[in-house]
Amino acid sequence: MESRIDRIKKQLHSASYKLTPQREATVAVLLEHEEDHLSAEDVFLLVKEKAPDIGLATVYRTLELLTELKVVDKINFGDGVSRYDLRQEGATHFHHHLVCVECGAVDEIQEDLLVDVEKVVEKRWNFKIKDHRLTFHGICWRCHDKENNEA
Ligand SMILES: [Zn+2]
Ligand SMILES: [Zn+2]
Ligand SMILES: [Zn+2]
């Protein structure tokens, strides 16, 4: 069976890029940390464990390239740090995020849920939606549980 990394390799090839060992190490880190929202610096430190010679600039360029190819999405949760998030395969729109204001946890909603909203926007504003970013700020279930247990 074709693995995700093979498919990403094909994507790079069809855009006339090669999956160099350094790029491959970067993609591998992103796949291993699929649930996380890593900054360029975070990715760099993890890639360095696999490819000690790699520089931050190379990692940064690779991340920008992967963003252009829509393998990853760039997101900022309001702390001024760009984070790189793997796009779910086959997803036309970016997934949503739940950011906990108490503990800082970031959870993901993979289901779009916006189909009706998108219809209204497209019709009322005659606007063709290509993508969106939706971040909810609130209190996560873990913090809820903790509060309930303490009460
Ligand atoms: Zn995410
Ligand atoms: Zn959508
Ligand atoms: Zn929380």
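Here are the numbers:
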quantity: Selection count, the stretch 132-151, where residues are more than 16 Å from ligand 1 (Cβ to nearest atom) and surrounded by 13 or more Cβ atoms within 10 Å (Cβ to Cβ); calculated: 5
quantity: Scan of the stretch 102-113 for residues that are part of a loop (DSSP other than H, G, I, E, B), surrounded by fewer than 14 Cβ atoms within 10 Å (Cβ to Cβ) and more than 13 Å from ligand 3 (Cβ to nearest atom), ordered by number; calculated: Gln110, Glu111, Leu113
quantity: Any hit, the stretch 114-131, residues being more than 16 Å from ligand 1 (Cβ to nearest atom), assigned by TED's automatic domain parsing to the domain that holds Leu12 and not aliphatic (A, V, I, L, M); calculated: no
quantity: For Gly90: the one exception among (1) under 30 Å from Val27 (Cβ atoms); (2) away from ligand 2 (no atom under 15 Å from the Cβ); calculated: (2)
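The values are calculated or read from the model by the stated rules, or taken from the named source; none is laboratory data. Only a predicted model underlies this, so the values are computations on that prediction, with no experimental measurement involved. Cβ: placed from backbone, ideal geometry, glycine included. Neighbour counts: every protein chain shown.
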